[in-house]
Every structure is written in structure tokens, then in C-alpha cells.
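The numbers here are math on the coordinates, done by the rules we state, and not lab data. This is a predicted model, so every value here is computed, not measured. Here the Cβ positions follow ideal geometry from the backbone for every residue, glycine too, while neighbour counts run over all protein chains shown.
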Amino acid sequence: MQEFYKKALLALIFLVLADALLACALVYQSYLSLSLLPAKTDGARWHYGTYSDVVTGGSSTVRLPDASHERMRMDFVLTDKARYPFLSSELALDDDKGRPAFADWSKYSSVSLLAKCSPANSIFLVITNFDPSFSKIGKFETYRSPGSYFSCNEQGVPVSLDLNRLSQPEWWFDAMKLNLSQQAYKLDHVAKILFGTSSNSPRNVASYVEISELTLHGRDYRYLYALAVAIAASLAIFGIWFFRAHTRALIASLESKMKKDLPLVAYRQLTLEPYKDKEKASVLRFIATNYTNPELDLECVVNGTGANRNKVNEVLKTELDMTFTSYLNKLRLTEAARLLAEKNSAAVAEIAYSVGYANVSYFNKLFKEEYDCTPKAFRSVATQQLSNFQHPLRRPSRQTPRPDHLHFLQK
């Protein structure tokens, strides 16, 4: 059984390592990242654009001098001519035919970027998202536009925004005649992402805003679900293998042990015959016929055979290479194993008492040390696996060959 446990331990270590490698791979895959700059996407394309308060009578100016690289720079001058001065740069999505298209960002939970500007400024990020319940394609004023403010300076400010906690302006709800409680939004039909000035932006000053490292982040929990399923499946397979392999190893171990015990069983069936060494035969025969007596000890053997202590110990050491205690336990446990295999109705305690043990707990301890399993487990294995064959511990017939180590009885 020790070899089996070593193999099982190695298999478990291998399984843990394999699961750990799989976990690393799937957890890594579960982290999603999508870079939006330079502007590109599969099947559609992002294009740069600008918007200013000129359409409302203002005179603010804006241009994108560096829109083809991995950053989006907006040079602008915000003036006071319009009632609500405003300008922005944007990334809008079109399909391959130039029609408005949508991107699904529902898998992403945050957006990060590096914001530089001069002079220091407060910028507003807006994600324009089509809402099928009331938005009209191409009319962006009907799209939901959740957003958030962030700061920037000439050194650059790393910014990270939670996409699930963006706010929507109240005026939009008024314009769309929607209740303010209808704040919920989904980023599954994103049409634009834009960066605009705020009420705190400097006026009548040549300014710029530069956005780089614009990246979406999220988690794909399907990989984690797959990992959980894979680990559960691997543990289940290991458990099934361990149970079956343990049963096979236990059966093989029990059969081996019980075959080794056959000489002891055979001895108990030998009939009385004239032997040359009467004293040896008397000692062994007395122990083998009285081992079920709970009171049996070395003194009882001495009194019952007339042999002295040294002679009894010499016989057991020479013929069986055992001490008195180990030989007595061997006889009792061997008979207990036979009774467990053949008498399904007998309780373990009953069998323990019948072979000479007054303490059931002590019997269970000795039995497990001898057979690597409890008496109940032994009975289960013997009943299920060994009952179809001649049990090695059934009492042999009178024709059973006498074991070699009892050759002295044949003289």
C-alpha cells in the first residue's frame, strides 16, 4: 500500500501543478484589454472628428494636427462668444460603407488613458451609446451620453475611469423627456467616444489636449467558469481513479497478507500425530488451540505445557521468527480476517471478542496496522471483490499441504 500512496501523492502533485498552470493561463486570458489608439477595429473603422460651438454662434476653433498616430492631440482656442462655449475631438465608428456602426463594450469595466494639456485643464470624457428603446440612428442627440470629468497638465496625468459609474447630464433627460430615474445604461452600442472642454477650461488662450494610451479593460468571466469546471472535473477524475486504484491496491495487499498467513491457518487444522520433538509441538499446539482465550499469556503457556519461558521464546523465535505477543496477535487477527470475510452478519465487536480481544478499540487498532484498513473496510472489500473466489483464509481441508516452516511436525 505504501507504493500506491506514493503514486497517488505524485499524481496529486502533478494534478495540482497542471491545474495551477491552467489557472494561470485562463486567469490571464480572462483579463481583456483593447487599445483604441491608433484608431482601428475589425470590420469597421474609427475616424477622427471635431465639434465646436460654431454651430451655436460661437467662435471657438479646434484642429487635430496629429490624428494618425498613437495619440490624439487637439489644438484649440475656446472663446466667450457663445452662451455655452464648448469644443471637442472624437472617435466615431463607421462600417466599411461609411454608415454609423456600433461597438460592444459591455465586456469592459474601465478605461485608462494618459492626459496631457497646456495650460492645466479639466476635460470631459463622453461615451455616446445608441439605446434601441428611443435612439434614432445618426441622430446623436438621441443617444445616451454618460461621461465623467478628469484633470490634465503638461506633465501628463494617468486617468482611470469606471465605465459603470459614468453620469448623464440632466439637460439630456429634459430634452428626451425621460425621467431622471432612468439612469441605467449599457455600453453595447457605442458609436463615439469624445473628449471635450468644461466650464473650467481656459478662455481665449491657445491650448492643447493630448490623449494617449487610451485602453479599455475588462474581464471575460467565461474563462473563470471554464477554469472552475476544469478543476472540478480534474478533481472528480482523480477521486474516481484514487477510489478504484485504492480498492485494487487494497485487494492485492490483503490477498498477499492473507496468503502469507496460510501457514498459521494450516497449523490449526493439523491433527495430533507422533512427533519427534514433543515439547516444540506441545508449545505451538497449546498456543494455537488457546489463542482465543483473552487471559492467555506467556505464563499460561508455561503452566499449560510444562516448558519454561526460555523454551517457549526459543520455539517461537526459531520456528516462526516471532515473539510470543506478535505470534498471538497474528493468530487472532488472521482468524478475525477469516470471520469478517465469511460471516457478514457478525458484528465487528462480536468477532473481536471471539478471537480473544476484550477491547474492541485495541482490536481495531491492531487490525488496521496489520491489514492497512479497518475491519469494516476489510469486510466490504472481501465481500465485494473476493467472495467469488476461494478465500485464502477459509479453513483448509485435511489435505492442505503443511507449511515448510512447520516441518518439525512432519517428522
Please list 3J(HN,Hα) in residue order for region 209-217, calculated via the Karplus relation 6.51 cos²θ - 1.76 cosθ + 1.60 where θ = phi - 60°; whole Hz, with x for glycine and proline. 10, 10, 10, 9, 6, 6, 9, 8, 10
With θ taken as phi - 60° and the coefficients 6.51, -1.76 and 1.60, list the Karplus ³J(HN,Hα) couplings across region 230-235 in order, rounded to whole Hz; mark glycine and proline as x. 5, 5, 4, 5, 5, 5
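What net charge do the residues around residue 362 carry, taking every other residue with its C-beta under 12 Å from that of residue 362, with Lys and Arg at +1 and Asp and Glu at -1?
On the way: positive: 332, 365, 368; negative: 369.
It works out to a net charge of +2.
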Apply the Debye scattering formula to region 179-259, with a single equal point scatterer on each alpha-carbon and no solvent, then give log10 I(q)/I(0) at q = 0.17 Å⁻¹. -0.99
Quick check: pseudo-label points 7 Å beyond the Cα along Cα→Cβ at residue 289 and residue 170, how many nm apart are they? 11.0 nm
Quick one: which residues, 5 or more positions from residue 152 or on another chain, have an amide H under 5 Å from its amide H? H modelled 1.01 Å from N in the peptide plane, none for Pro or chain starts. 121, 123
Considering only C-alpha atoms, what is the centroid distance from region 184-212 to region 323-355, in Å? 87 Å
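First select every other residue whose beta carbon is under 11 angstrom from the beta carbon of residue 143; then total the charges, Lys and Arg +1, Asp and Glu -1.
Details: positive: 136, 139, 144, 192; negative: 131, 141.
Once all neighbours under 11 Å are counted, the net charge is +2.
Set the Förster radius R0 to 60 Å, insert the Cβ-Cβ distance between residue 246 and residue 151 as r into 1/(1 + (r/R0)^6), and round the FRET efficiency to 0.05. Before the final figure, lay out the partial values.
Numbers: r = 65 Å, r/R0 = 1.08.
Given R0 = 60 Å and the Cβ-Cβ separation, E is 0.40.
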With each pseudo-label sitting 7 Å past Cα toward Cβ, what's the residue 162-residue 204 distance in nm, one decimal? 4.1 nm
Convert each backbone phi in region 95-111 into a coupling constant with the Karplus relation 6.51 cos²θ - 1.76 cosθ + 1.60 (shift: θ = phi - 60°), then list the ³J(HN,Hα) values in order as whole Hz, x for Gly and Pro. 7, 5, 9, x, 8, x, 10, 10, 10, 8, 10, 5, 7, 9, 10, 8, 10
In this model, which of 7/317; 278/317; 317/343; 139/186; 278/368 are farther than 27 Å apart at the alpha-carbon? 7/317; 317/343; 278/368
Search the structure for amide H atoms under 5 Å from the amide H of residue 110, placed 1.01 Å from N in the peptide plane, and list their residues when 5 or more places away or on another chain. 163, 217
